[in-house]
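*Asks:* Quick one: structure below, then a few questions.
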Amino acid sequence: MRFEAETGSGHSVVMDGPPDHGGQNLAARPMEMILVGMGGCSAFDVVHMLKKARQPVENCEVELHAERADAVPAVFTKIHLHFIVAGPDLDHRRVDRAIALSVEKYCSVIVMLRDSVDITYDYEILAQNAGA
């Protein structure tokens, strides 16, 4: 029950299932890959927009927490994204705007799922000192 997928850009990704379904638990589950894609897509957007705005972003993490339906198919019913953006002297308004634009307009994964999944978000800014 372990599968290797090759992406259109030529990269490989391994997926596996739990032992009770014939897998060996050696890689992420396919549904986890959706969350990974959502977090990566949105983080990419946020960092890209902040860099275009000449903001000194040094790190962006996105923690995702999801709930799934109890019945089959066990689709996502709720997903919450928590952004942690770090850098010295970040403009809070620009960070807020970049995250809102990503979640509401630009992240393709979120846009694709938002009509069927309750998607929420929040964020925190870590003000790192230059050279720290």
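The values are calculated or read from the model by the stated rules, or taken from the named source; none is laboratory data. In this text, all values refer to a predicted model and were calculated from it rather than measured experimentally. Backbone-built Cβ (ideal geometry, glycine too); neighbour counts: all protein chains shown. Calculation scope for accessible area: heavy atoms of the full protein, side chains included, ligands and nucleic acids excluded. Shrake-Rupley method; radii C 1.70, N 1.55, O 1.52, S 1.80 Å.
*Asks:* Is it the case that some residue within the range 3-18 is assigned to a loop (DSSP other than H, G, I, E, B), without any contact (Cβ under 8 Å) to a residue 40 or more places away in the chain and either hydroxyl-bearing (Ser, Thr, Tyr) or touching an Asp or Glu at 6+ places or on another chain (Cβ under 7 Å) (or both)?
*Replies:* Looking for residues that are assigned to a loop (DSSP other than H, G, I, E, B), without any contact (Cβ under 8 Å) to a residue 40 or more places away in the chain and either hydroxyl-bearing (Ser, Thr, Tyr) or touching an Asp or Glu at 6+ places or on another chain (Cβ under 7 Å) (or both), one finds at least one in the range 3-18, hence yes.
*Asks:* Restricting the first residue to the range 75-97 and requiring it to be under 14 Å from Glu124 (Cα atoms) and β-branched (Val, Ile, Thr), which pairs with a second residue that is part of a helix (DSSP H, G or I) and open to solvent by less than 40 Å² (accessible area, probe 1.4 Å) meet a Cβ separation below 6 Å and a spacing of at least six or different chains?
*Replies:* Close Cβ pairs (under 6 Å, with a partner that is part of a helix (DSSP H, G or I) and open to solvent by less than 40 Å² (accessible area, probe 1.4 Å)) amount to Val85/Val95.
*Asks:* So which residues in the range 14-40 are surrounded by fewer than 16 Cβ atoms within 10 Å (Cβ to Cβ), within 29 Å of Tyr106 (Cα to Cα) and either acidic (Asp, Glu) or touching a Phe, Trp or Tyr at 6+ places or on another chain (Cβ under 9 Å) (or both), if there are any at all?
*Replies:* Within the range 14-40, Val14, Pro30, Met31, Glu32 meet the criteria.
*Asks:* Within the range 98-121, identify whether any single residue is without any contact (Cβ under 8 Å) to a residue 40 or more places away in the chain, of a type in the set (A, V, I, L, M, F, W, C) and more than 26 Å from Arg29 (Cβ to Cβ), and answer yes or no.
*Replies:* yes
*Asks:* Suppose the filter is among the charged types (D, E, K, R) and at positive phi; does Arg54 pass it?
*Replies:* yes
*Asks:* Give all pairs with beta carbons closer than 7 Å in which a residue from the range 42-69 that is within 16 Å of Ala127 (Cα to Cα) and without any contact (Cβ under 8 Å) to a residue 12 or more places away in the chain meets a residue that is open to solvent by 40 Å² or more (accessible area, probe 1.4 Å) and part of a strand (DSSP E or B); count only pairs at least 6 apart in sequence or on separate chains.
*Replies:* none
*Asks:* Here is a follow-up. Can you tell me which residue among Met1, Met38, Met15, Met31 is aliphatic (A, V, I, L, M), more than 19 Å from Asp91 (Cα to Cα) and at pLDDT below 95?
*Replies:* Just one listed residue meets the conditions, Met1.
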